[in-house]
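Just below is one structure, and these are the notes that go with it.
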C-alpha cells in the first residue's frame, strides 16, 4: 500500500504551493472574499498599517501572496520601503518590486528592517522555528514582526459541512476531514512558537460571524482547496456539489448559513 503524505507535508510542499495552490491568486482570493459577509468587518490591512505607525525605513511582507497588504501599506505609508516576497513566482507577477524568496532563508541583511510581516503564511513553512529566527534576524533594534493566523476554532462549521458532504458522497455517516491550513500554526500555538525568539508578543483577536444567503461564497471557499483535492480521500467535485446542496438546505430552512470565525494578529518585539 502506498503511504499517504502527512498533513504537514501537504501544507508545506513548496512545489505544490508555487504551482497548484498559488500559481495565481484565484484560490487565495476566494478564501479572502468570504470575509465580505463577516460581522464585524475587520480591516486587517488597516490594522497592520496602524501597527506600523512608529515604524520607519523598510518593511518586508514575507509570503505576500496577491499583494493585498503590500498595496495598502504602500498607499497609506508611502514613506516606507515595502519589499514583497513569496515562494510563488506566479502569484507575485503583478506586484511591483516583488521577489521570490523563502521565509526560512530571507535574502536580507541582518537588522535591515523596521518591520516584517508574516500574514497567514507561517503554516506553509516547513521549519517554523527557522523562519521565526529569520524574521527576528532581519529586524533592526526596536523593530516589530506582525504575524497573523486563525484559531483552531475558526470556521468549524465549514469543517463539519465538508465531513458531512464527504460522508454523503461516500455513503457513510461522516467522511474524512479536509486539509486545514491553519492547523500547523494556530492562534493558540503561535505565542509559544514566536516566543522562542521574541520577548514580547501581543495578540489581537479578531472574532466575527459570517452569514450568507447564497451558497456560492461558501462553495468557492471550499473549492479553493483544489490543490489538495487528490489528497482528501473523497471525490472532490462531487463533495463540493453536495456541500452546495447542504448549504442551500440550511438557507431555505433558516434564512442564512452561519460560519463562526476567529483569527488574529500577533505583534512581536
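The values are calculated or read from the model by the stated rules, or taken from the named source; none is laboratory data. This structure is a prediction, so every number in the text was calculated from the model and none was measured. Reconstructed Cβ throughout: ideal geometry from the backbone, glycine too, with neighbour counts over all protein chains shown.
Which of (1) within 30 Å of residue 256 (Cβ to Cβ); (2) touching a helix residue (DSSP H, G or I) at 6+ places or on another chain (Cβ under 6 Å); (3) assigned to a strand (DSSP E or B) is the odd one out, the single condition residue 148 does not satisfy?
Failing condition for residue 148: (2).
Select from the range 225-234 the residues that are within 23 Å of residue 23 (Cα to Cα) and either touching a residue at least 24 places away in the same chain (Cβ under 8 Å) or in contact with a strand residue (DSSP E or B) (Cβ under 7 Å, 6 or more places away or on another chain) (or both) and list them in ascending order.
Here is the first cut: in the range 225-234, the residues within 23 Å of residue 23 (Cα to Cα) are 225-232.
Passing the criteria: 225, 226, 227, 228, 231, 232.
Kindly provide the set of residues from the range 225-234 that are out of contact with any helix residue (DSSP H, G or I) (no Cβ under 6 Å at 6 or more places or on another chain) and either surrounded by fewer than 20 Cβ atoms within 10 Å (Cβ to Cβ) or at pLDDT 95 or above (or both), ordered by number. Write out each step before concluding.
Restricting attention to the range 225-234, the residues satisfying the condition of being out of contact with any helix residue (DSSP H, G or I) (no Cβ under 6 Å at 6 or more places or on another chain) are 225-226, 230, 232-233.
Matches in the range 225-234: 226, 230, 232, 233.
For the condition touching a residue at least 12 places away in the same chain (Cβ under 8 Å) and either more than 15 Å from the chain's Cα centre (by Cα) or not in a helix (DSSP H, G or I) (or both), what is the one hit in 34, 16? Write out each step before concluding.
On the way: 34 fails: either more than 15 Å from the chain's Cα centre (by Cα) or not in a helix (DSSP H, G or I) (or both).
Of 34, 16, the one residue that is touching a residue at least 12 places away in the same chain (Cβ under 8 Å) and either more than 15 Å from the chain's Cα centre (by Cα) or not in a helix (DSSP H, G or I) (or both) is 16.
Is it fair to say residue 216 is more than 21 Å from the chain's Cα centre (by Cα) and modelled with pLDDT of 95 or more?
Details: more than 21 Å from the chain's Cα centre (by Cα): no; modelled with pLDDT of 95 or more: yes.
In short, no.
Assuming residue 257 fulfils every condition listed in (1) under 18 Å from the mean Cα position of the chain (by Cα); (2) within 21 Å of residue 39 (Cα to Cα); (3) surrounded by 17 or more Cβ atoms within 10 Å (Cβ to Cβ); (4) in contact (Cβ under 8 Å) with a residue 40 or more places away in the chain apart from one, which condition is it?
(1)
Being out of contact with any helix residue (DSSP H, G or I) (no Cβ under 8 Å at 6 or more places or on another chain) and farther than 25 Å from residue 47 by Cα is the filter; apply it to the range 157-189 and report the residue that is surrounded by the fewest Cβ atoms within 10 Å (Cβ to Cβ).
Step one: filter the range 157-189 for residues out of contact with any helix residue (DSSP H, G or I) (no Cβ under 8 Å at 6 or more places or on another chain), giving 157, 159-160, 163, 167, 170-172, 186-189.
Narrowing the set further to residues that are farther than 25 Å from residue 47 by Cα leaves 157, 159-160, 163, 167, 170-172.
On the way: 157: 18, 159: 13, 160: 13, 163: 19, 167: 17, 170: 16, 171: 7, 172: 11.
By that ranking, first place goes to 171.
Name the residues in the range 107-130 that are assigned to a loop (DSSP other than H, G, I, E, B) and either in contact (Cβ under 8 Å) with a residue 60 or more places away in the chain or surrounded by 21 or more Cβ atoms within 10 Å (Cβ to Cβ) (or both), would you? Give the derivation first.
Going residue by residue through the range 107-130, those that are assigned to a loop (DSSP other than H, G, I, E, B) are 107-112, 120-121, 125-127.
Within the range 107-130, 120, 121, 125, 126 qualify.
Looking only at the range 52-67, how many residues end up being surrounded by fewer than 17 Cβ atoms within 10 Å (Cβ to Cβ) and either touching a helix residue (DSSP H, G or I) at 6+ places or on another chain (Cβ under 7 Å) or touching a residue at least 40 places away in the same chain (Cβ under 8 Å) (or both)?
Residues of the range 52-67 that are surrounded by fewer than 17 Cβ atoms within 10 Å (Cβ to Cβ), as a first pass: 53-54, 56-57.
Next, from what is left, pick out any that are either touching a helix residue (DSSP H, G or I) at 6+ places or on another chain (Cβ under 7 Å) or touching a residue at least 40 places away in the same chain (Cβ under 8 Å) (or both): 56-57.
Residues flagged as surrounded by fewer than 17 Cβ atoms within 10 Å (Cβ to Cβ) and either touching a helix residue (DSSP H, G or I) at 6+ places or on another chain (Cβ under 7 Å) or touching a residue at least 40 places away in the same chain (Cβ under 8 Å) (or both) within the range 52-67 amount to 2.
Can you tell me which condition residue 186 does not meet? The list is (1) within 15 Å of the chain's Cα centre (by Cα); (2) farther than 16 Å from residue 248 by Cβ; (3) in contact (Cβ under 8 Å) with a residue 40 or more places away in the chain, and all the others hold.
Residue 186 satisfies all of (1) within 15 Å of the chain's Cα centre (by Cα); (2) farther than 16 Å from residue 248 by Cβ; (3) in contact (Cβ under 8 Å) with a residue 40 or more places away in the chain except (3).
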